[in-house]
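Heads up, the thing below is written out as structure tokens.
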Amino acid sequence: MTQHASPPRDSTGKVPSADGPPAWRGLIARADVRTLSLLGVLAALIIIGGITKPDQFLDTRNLQLVLTQASVIGVVTVGMTFVITSGGIDLSVGAIVALASVWATTVATQEYGFGGILFTAVLVGVGCGLVNGLLIAYGGMVPFIATLAMLASARGLALQITDGKTQIVTIPSVLDLGERDAYVLGIPPLVMVFAVVTIIGWLVLNRTTFGRRTVAVGGNAEAARLAGIDVRRQRLYLYLLSGLCCGIAAFLLIILSGSGQNTNGNLYELDAIAAAIIGGTLLSGGRGTITGSVLGVLIFTTITNIFALNNLQSDVQQIAKGAIIVAAVLVQRRTASTT
């Protein structure tokens with residue numbers, strides 16, 4: 001009679017899983033380490049700002065300004081995080097913000113008031129996202145080329161609409177949202193919008209089928225297709241989402257600046273991609289984190305603010321951002337090679 005060896009048991013008498021500890025536990029542990037690291041960097045920056053310019057940096061108005069400035073690029077970054085997680089890229093976000101902001105502030109659009117400006121900004125953003133999505137998902141174009149073409153086209157159209165001039169907003173209900181009287185418990189309305197977009201983005205990415213499909217497409221598009229996911233449609237939806245975020249950001253920028261300019265959104269693509277990568281989103285796709293992206297935005301915005309308060313030139317800021325991006329990618333590659 002054949003004797004079967006009994007399976008090994010742990011100290012509690014239970015049979016351990018043949019696959020070892022669940023993989024998600026390791027992912028959560030690494031995510032916690034990344035989040036804590038980002039929080040540590042942000043805390044260090046706050047300390048540096050408090051030491052170098054204590055009276056200015058720690059002033060309530062300055063902290064509100066930092067959060068307000070972070071809100072505009074932060075909304076763009078939420079959309080960018082989804083695109084990068086899927087294995088794509090969107091170089092046109094800054095140009096789309098510019099085009100949406102100038103189209104929404106034309107004299108003809110302002111005749112429709114608050115609703116007309118908001119609707120136009122969102123519609124232009126979604127429209128540009130639709131074009132990107134169709135070219136990439138159904139036209140077979142490489143995301144880099146398609147969005148680069150959109151960057152050039154949107155910038156050119158924005159310049160044509162404005163003729164190089166600043167379009168001043170004259171709608172009181174729009175301008176009032178940028179005033180201190182509109183703050184709720186000391187929180188600017190733009191920051192509240194950013195918070196809502198962030199929460200929705202986190203829920204969609206982490207708690208919905210759409211989010212799981214996004215990660216699957218970024219991890220292995222062919223495997224996702226064989227699993228029954230419509231990869232082309234998913235990619236179309238993602239670029240629509242990115243365009244929607246650009247439209248919302250354009251409206252926030254209109255509130256913040258009180259105008260529309262063809263130079264709006266300059267280098268937003270760099271800031272959004274950098275914030276997402278710093279936050280832990282893999283540039284190759286397959287992993288994304290909204291929480292990390294938001295922390296990345298706050299880190300970059302804080303750095304910019306500290307540099308400005310210390311009268312450091314903008315070229316130094318760009319050099320610092322570039323160095324941070326390179327360091328983050330190298331860390332990602334090293335982490336990926338050890339897992």
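The values are calculated or read from the model by the stated rules, or taken from the named source; none is laboratory data. What you see is a predicted model; the values in this text were computed from it and never measured. A quick note on method: Cβ atoms are made from the backbone with ideal geometry, for glycine too, and the neighbour counts reach across all protein chains shown. To get the accessible areas, we keep the full protein, side chains included, count just its heavy atoms, and leave off ligands, DNA and RNA. Shrake-Rupley method; radii C 1.70, N 1.55, O 1.52, S 1.80 Å.
Quick one: count up the residues across the range 179-192 that are assigned to a loop (DSSP other than H, G, I, E, B) and either within 20 Å of Tyr268 (Cα to Cα) or in contact (Cβ under 8 Å) with a residue 40 or more places away in the chain (or both).
Total meeting the criteria: 3.
Residue-level analysis places Arg207 outside the set of residues that are of a type outside the set (A, V, I, L, M, F, W, C), under 23 Å from Ser86 (Cα atoms), open to solvent by 50 Å² or more (accessible area, probe 1.4 Å) and touching a residue at least 12 places away in the same chain (Cβ under 8 Å). Of the helices (runs of 4 or more DSSP H) contained entirely in the range 259-339, those carrying at least 3 residues that are modelled with pLDDT of 90 or more, closer than 22 Å to Ile200 by Cβ and within 16 Å of the chain's Cα centre (by Cα) fall at 268-279, 290-309. May I ask you to verify whether Gly139 is touching a residue at least 60 places away in the same chain (Cβ under 8 Å), among the small types (Gly, Ala, Ser) and out of contact with any strand residue (DSSP E or B) (no Cβ under 8 Å at 6 or more places or on another chain)? Answer is no for this residue. The helices (runs of 4 or more DSSP H) falling completely within the range 56-144 that include 3 or more residues that are at pLDDT 95 or above map to 60-85, 93-103, 113-133. Among residues of the range 214-227 being part of a helix (DSSP H, G or I) and among the small types (Gly, Ala, Ser), the one that is farthest from Ala104 (Cα to Cα) is Ala223.
Might you let me know whether the range 146-155 holds any residue that is farther than 19 Å from Gln234 by Cα, outside any helix (DSSP H, G or I) and open to solvent by 10 Å² or more (accessible area, probe 1.4 Å)? No, every residue in the range 146-155 fails to be farther than 19 Å from Gln234 by Cα, outside any helix (DSSP H, G or I) and open to solvent by 10 Å² or more (accessible area, probe 1.4 Å). Screening the candidates Thr147, Thr105 for the property of being in contact with a strand residue (DSSP E or B) (Cβ under 8 Å, 6 or more places away or on another chain) and within 30 Å of Thr302 (Cα to Cα) yields one hit, Thr105. For the range 125-145, a residue qualifies if it is out of contact with any Ser or Thr (no Cβ under 9 Å at 6 or more places or on another chain) and open to solvent by less than 60 Å² (accessible area, probe 1.4 Å), and the qualifying residues are Val126, Gly127, Ala137, Gly139, Pro143.
Pairs linking a residue in the range 22-51 that is at pLDDT 75 or above and basic (Lys, Arg) to a residue that is surrounded by 12 or more Cβ atoms within 10 Å (Cβ to Cβ) and not in a helix (DSSP H, G or I), with Cβ atoms under 7 Å and 6 or more positions apart or on different chains, are Arg34/Gly280.
Per-residue answers, yes or no, for (1) open to solvent by 40 Å² or more (accessible area, probe 1.4 Å); (2) in contact with an Asp or Glu (Cβ under 9 Å, 6 or more places away or on another chain); (3) part of a helix (DSSP H, G or I); (4) without any contact (Cβ under 8 Å) to a residue 60 or more places away in the chain:
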{"position": "Ser173", "(1), (2), (3), (4)": "yes, no, yes, no"}
{"position": "Phe194", "(1), (2), (3), (4)": "no, no, yes, no"}
{"position": "Thr198", "(1), (2), (3), (4)": "no, no, yes, no"}
{"position": "Leu203", "(1), (2), (3), (4)": "yes, no, yes, yes"}
{"position": "Arg212", "(1), (2), (3), (4)": "yes, no, yes, yes"}
{"position": "Ile229", "(1), (2), (3), (4)": "no, no, no, yes"}
{"position": "Arg235", "(1), (2), (3), (4)": "yes, no, yes, no"}
{"position": "Ser242", "(1), (2), (3), (4)": "no, yes, yes, no"}
{"position": "Gly247", "(1), (2), (3), (4)": "no, no, yes, no"}
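Determine whether Asn310 is farther than 28 Å from Gly127 by Cβ and either surrounded by fewer than 20 Cβ atoms within 10 Å (Cβ to Cβ) or among the aromatic types (Phe, Trp, Tyr) (or both). For Asn310, the condition - farther than 28 Å from Gly127 by Cβ and either surrounded by fewer than 20 Cβ atoms within 10 Å (Cβ to Cβ) or among the aromatic types (Phe, Trp, Tyr) (or both) - is met. Restricting Val174, Val184, Val191, Val169 to those that are closer than 24 Å to Ile273 by Cβ and β-branched (Val, Ile, Thr) reduces the list to Val191. Tallying residues that are closer than 17 Å to Ile278 by Cα and of a type outside the set (Ser, Thr, Tyr) within the range 59-87 yields 12. Only a single item in (1) aliphatic (A, V, I, L, M); (2) buried (at least 24 other Cβ atoms within 10 Å of the Cβ); (3) within 25 Å of Val124 (Cα to Cα) is not met by Val217, and it is number (3).
One line per residue, one yes/no per condition, for (1) free of Cβ contacts under 8 Å to residues at least 24 places away in the same chain; (2) touching a helix residue (DSSP H, G or I) at 6+ places or on another chain (Cβ under 8 Å):
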site	(1), (2)
Thr120	yes, yes
Gly125	no, yes
Leu134	no, yes
Pro143	no, yes
Thr147	no, yes
Arg155	no, yes
Ile168	no, no
Leu177	no, yes
